[in-house]
Amino acid sequence: MGQVRRKNWFTAMGVLFIVVACIAIIRDLLIWGPEFTSDFFTSSDITSEKISVGMFGIAGFLIVLGLRGETYEE
């Protein structure tokens, strides 16, 4: 009949990772302010801001993996 793209969970999980990372960064900006948040990004400790940056990377990988998905014939 035609080519159909099936729904995949990779793209959905990538979007979910982006949303969670944005919430964490915005929360810290509202609580601590931009000066302290930028200090958290540049400190040598492992902070939630650095984990959020890692989550953006993982999200990008998942979205690319999901969009590269296969098409199926029906």
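Read-outs: derived from the displayed coordinates by stated rules, not from any lab. Everything quoted here is computed from the prediction, not taken from an experiment. Neighbour counts are summed over all protein chains in view; Cβ atoms, including those assigned to glycine, are modelled from backbone coordinates with ideal geometry.
Quick check for you: which residues of the stretch 35-53 have the amide N under 17 Å from the point 7 Å beyond the Cα of LEU29 toward its beta carbon?
Residues passing the 17 Å test: 35-42, 48-53.
So how do ARG68, ARG27 line up by other beta-carbon neighbours within 10 Å, fewest first?
ARG68, ARG27
Mean projection of the alpha-carbon convex hull of the stretch 7-69 over all orientations, in nm²? The partial results should precede the final answer.
Numbers: hull surface 17.2 nm².
About 4.3 nm², averaged over all directions.
Could you calculate the contour length gain from TRP9 to LEU65, that is, 0.36 nm times the residue separation minus the distance between their Cα atoms, to one decimal place in nm?
19.2 nm
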